[in-house]
Each structure stands twice: as structure tokens, then as C-alpha cells.
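Okay, so here's the structure we're looking at.
Nothing in this text is a laboratory measurement; each read-out follows from the coordinates by a stated rule. Note that this is a predicted model, so its numbers are computed, not measured. Neighbour counts are summed over all protein chains in view; Cβ atoms, including those assigned to glycine, are modelled from backbone coordinates with ideal geometry.
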């Protein structure tokens with residue numbers, strides 16, 4: 001029997017095909033599959049392309065689990081799972097928010113608070129048999145802490161510095177160079193493009209901060225405070241233990257993780273999974289399909305960050 005675990009973010013989708021013993025046979029990386037950004041049908045078509053590439057006509061697929069950003073309401077997951085089931089011709093399909101991949105990748109514990117900070121941000125308080133969502137409202141309504149927020153703040157700082165409204169910063173030159181156009185033209189481009197475009201400027205804040213730029217340093221610190229505030233509040237409201245598990249391209253950056261750890265309440269300790277989120281998706285798939293075991297979870301958590309991509 002063969003199964004597929006999929007981790008879908010706002011920037012990329014990672015997937016792995018594995019058997020009932022936890023042996024990974026193929027891996028795949030494609031563009032974002034967030035159904036609220038692309039629409040359910042387009043996202044399902046992307047997942048189908050991923051499934052087709054992984055199976056390659058060699059292996060039948062007995063179940064699919066998708067943990068993806070863009071799953072907000074109670075019916076989003078089942079609706080997207082149905083769309084994928086129809087597109088792929090696979091009966092057993094389950095979809096949840098991608099934070100469930102983070103939890104499964106990190107721990108078997110019944111209690112924790114967990115967050116993903118990549119292009120977007122979302123936090124869950126996990127208790128036995130229950131997971132309560134905090135934020136994850138999308139880029140227009142978020143309060144900070146995501147790649148989109150950091151990228152937007154970097155662009156704002158660059159624009160403000162170029163007009164002498166804000167403090168001088170190395171971000172002005174870095175943002176203009178990356179954009180490949182004058183900053184005033186970048187404003188129009190931001191409104192034409194999807195959120196991942198703005199998030200793509202987030203690494204510039206880390207670059208400028210590493211060079212000692214005070215403006216970039218405050219951008220990172222303020223976004224770490226915003227993320228920590230949500231984690232702290234979620235832990236205070238629910239009986240979810242003393243561990244904060246975080247993942248995503250922003251949260252796993254050592255500089256940002258260090259800032260985040262300093263802002264957590266004393267009752268919380270920070271845990272960053274060493275394996276990729278797609279390993280958590282595979283573990284969730286195994287549970288969903290009834291082939292879970294400690295040995296299988298151990299083997300999947302040994303998955304390397306980069307693997308044998310086939311698409």
C-alpha cells in the first residue's frame with residue numbers, strides 16, 4: 001500500500017509518497033496550493049499534478065492527506081478533500097490546516113501550542129481531541145509575524161527612506177535591487193501581484209539585520225513580538241502544556257526563532273522540528289489511513305529537509 005502526504009504553503013507545496021512501513025519512495029515540490037488564494041479547482045489540479053508525478057504510473061495511491069494553508073472554516077477541509085478526491089480518483093482524502101503537519105512532525109504529545117509562520121501565520125492550541133485556531137485570517141487581517149508582514153514592512157521601510165519620511169536604511173537599496181525597478185514602480189507591482197510576491201522580500205530584512213541595520217532589526221523584533229503574543233495568549237486560554245512548536249520559513253530562521261523565544265511567557269519553551277513539515281503530513285496520512293505505528297513515525301521523522309524531488 002502507498003500513501004501521499006502533502007504540505008501546502010503560500011509559497012510552495014511539498015509532497016512525499018511512502019509505503020505502510022514509512023519508506024519514502026518519491027518526493028515532489030511545486031508551487032503554492034492554498035485553495036483560498038487559487039480557488040479549490042485550481043488547487044486540486046495542482047495536487048493532482050503532484051500525485052501523478054509521485055505515482056508515475058508505478059504505484060497505486062491508497063490515501064492522501066493534505067495539510068495546507070488557506071483552510072479556515074470547518075467545511076474548508078472537507079470541501080477541498082472532495083475536490084482532490086474527484087480530481088485524483090482516490091477515495092480516501094483528508095485536508096486540514098498545515099499547522100497539523102507541524103504538530104505531527106514535532107511531537108506525539110496530546111498538548112501543545114503550535115504555529116506556522118511562512119508566507120502567512122496561524123496558531124493552534126492543541127488539547128486531547130481538540131485543536132483551537134487563533135489568527136490565520138489572511139494577509140489583509142493579520143496582526144504581524146508572517147513572511148508577508150516582514151516583506152511588507154521591508155518594502156514600507158524602503159519607500160519611506162527613499163522619500164525621507166522614515167529613517168535611512170539599507171533596505172532601500174536592497175529592495176530596489178531585488179525588485180529590478182524604481183521603488184515608485186514597485187508600489188504598482190505590489191498591488192498587481194499575489195501575497196507571495198510581497199513575502200519574497202522578507203529575506204532582505206534578515207540580510208540587512210545581519211549587516212547591522214537598525215531598521216531591519218526592529219522589523220524582525222516587532223514581528224517576533226506579534227507572533228509570540230498570539231502563542232502566549234493561546235497557551236493562556238487553553239490547557240495545552242508548556243511547549244510552543246513552530247515551523248515555516250520565517251519561524252525556523254535561527255535569528256527569528258531566537259527573538260521569538262525571548263518573547264514567550266516563562267511557562268513556554270520553544271521547539272522547532274528538525275524534520276520538514278511534509279514528514280508531519282505523512283504521519284497524519286498514516287493515522288488517517290490506519291497504518292500508524294511508532295516505527296513508521298520514527299522513520300518518517302528521519303526524513304531530510306530536501307529529498308529526491310521528481311517534479
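The figures follow:
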item: Global form of segment 172-311, assessed from the alpha-carbon gyration tensor, a/c cut-off 1.5; result: oblate
item: Tail fraction, Cα-Cα pairs, segment 1-63, threshold 17 Å, whole percent; result: 36 percent
item: DSSP beta bridges in segment 22-164 [antiparallel fraction, %, rounded to 5]; result: 70 percent
item: Highest-MSF residue in the chain out of 13, 243, 132 [GNM, Cα springs under 10 Å]; result: 132
item: Residue with peak Gaussian network fluctuation, the chain [Cα springs, cutoff 10 Å], from 133, 297, 192; result: 192
item: Over the chain, relative contact order from alpha-carbon pairs under 8 Å, at least 6 apart, %; result: 23 percent
item: Share, in percent, of DSSP beta bridges within the chain that are antiparallel, nearest 5; result: 55 percent
item: Helix 254-263 axis, angle to the chain major axis (alpha carbon atoms, nearest 10°); result: 80 degrees
item: Cα gyration tensor shape of segment 1-119, rounded if a/c is under 1.5, else prolate or oblate by comparing a/b with b/c; result: oblate
item: Sequence-separation-based contact order of segment 104-189, relative, with Cα cut under 8 Å and 6+ spacing, percent; result: 17 percent
item: Kirkwood Rh (inverse of mean 1/r, distinct Cα pairs), the chain, angstrom; result: 19.8 Å
item: Among 214, 44, 202: highest mean-square fluctuation, GNM of the chain, C-alpha pairs under 10 Å; result: 214
item: Mean separation of Cα contacts under 8 Å (6+ apart) over length of segment 168-311, as relative contact order %; result: 17 percent
item: Folded to 0 to 90 degrees: helix 40-55 orientation relative to the chain principal axis, Cα; result: 60 degrees
item: Principal-axis tilt of helix 147-162 within the chain, Cα atoms, nearest 10 degrees; result: 20 degrees
item: Peptide ranges 170-177, 279-286 listed from the most packed, as the mean C-beta count within 10 angstrom indicates; result: 279-286, 170-177
